[in-house]
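Here the structure is laid out as structure tokens; the discussion comes afterwards.
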Amino acid sequence: DPYTLELAGFHLVDGKYQPLTSNSQGHLWSTQLELYLGVEQGFLRFFTPEGKLVPRPEEIAEQAEERAEQAEERAGQAEQKAEQAEQKAGQAEERAERLAAKLRSLNIDPETI
């Protein structure tokens with residue numbers, strides 16, 4: 001019932017409909033679907049045999065979008081780290097060149113040190 005959120009189910013036994021018995025969470029087992037049906041936050045939802053909520057397609061899409069955003073964020077962070085490492089390498093190279101120039105000005109070959 002969409003107003004009271006009561007859930008009832010029946011199965012056919014010997015030509016007569018028999019009520020389904022709900023589990024401790026109030027969910028009904030569907031033999032055809034091999035899933036439980038129950039009301040969650042005002043909506044009819046499916047649950048696994050272990051009682052876990054089966055996500056709706058919209059929820060799966062949202063989760064995928066969130067994972068994609070997180071991956072994009074991690075890629076951006078990795079790119080920043082790579083740029084920083086490149087800058088440090090460039091600075092170290094410049095410093096090495098300045099030190100080599102200083103040694104040459106003192107008549108010392110930096111290649112022999």
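The values are calculated or read from the model by the stated rules, or taken from the named source; none is laboratory data. Values in this document were obtained by computation on a predicted structure and should not be read as measured data. FYI the Cβ positions are ideal-geometry reconstructions off the backbone, even for glycines, and counts take in every protein chain you see. Surface accessibility is based on the protein's heavy atoms, side chains included, excluding ligands, DNA and RNA. Shrake-Rupley method; radii C 1.70, N 1.55, O 1.52, S 1.80 Å.
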Worksheet item: Kirkwood Rh over Cα pairs of the chain into Stokes-Einstein at 4 °C, 1.567 mPa s: D in µm²/s?
Response: 63 µm²/s
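Given contacts defined as C-alpha pairs under 8 Å and at least six residues apart, what's the relative contact order of the chain, whole-number percent? Could the numbers behind the result be given before it?
Values: 70 pairs, mean separation 10.6, N = 113.
Relative contact order here is 9 percent.
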Worksheet entry | Calculated [θ] (222 nm, deg cm²/dmol) that DSSP helices of n ≥ 4 give over the chain, each run adding -39,500 (n - 2.57) | -16000 deg cm²/dmol
Worksheet item: Hey, what do the phi angles of the stretch 61-77 turn into as Karplus ³J(HN,Hα) couplings, whole Hz, using 6.51/-1.76/1.60 and θ = phi - 60°, x for Gly and Pro?
Response: 5, 4, 4, 5, 5, 4, 5, 5, 5, 5, 5, 5, 5, 5, 5, x, 5
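Return the FRET efficiency for the residue pair Q91, R67: r is the Cβ-Cβ distance, R0 is 35 Å, and the value is rounded to the nearest 0.05.
0.45
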Worksheet item: Taking the Cα centre of the chain as origin and charging only Cβ (+1 Lys, Arg; -1 Asp, Glu), how large is the dipole, in debye to the nearest 20?
Response: 340 debye
Practice prompt. Taking GluC sites (Glu not before Pro) as candidate sites, keep only those in a DSSP loop with at most 16 other Cβ atoms within 10 Å, then name the longest stretch of the chain containing none of them.
Written response: 51-113
Worksheet item: Using a Gaussian network for the chain with springs between C-alpha atoms less than 10 Å apart, which of these wobbles most: L28, L37, L99?
Response: L99
Discussion item. Tell me whether the stretch 48-105 comes out rounded, prolate or oblate; compute the Cα gyration tensor, take square roots of the eigenvalues as a ≥ b ≥ c, and use a/c under 1.5 as the rounded threshold.
Written reply: prolate
Item to complete: Quantify, in whole percent, the carbon and sulfur part of the accessible surface of the chain (1.4 Å probe; protein heavy atoms only).
Response: 52 percent
Worksheet item: Once fully extended, how much extra length lies between Q77 and T31, figured as 0.36 nm per residue of separation less the alpha-carbon to alpha-carbon distance?
Response: 11.7 nm
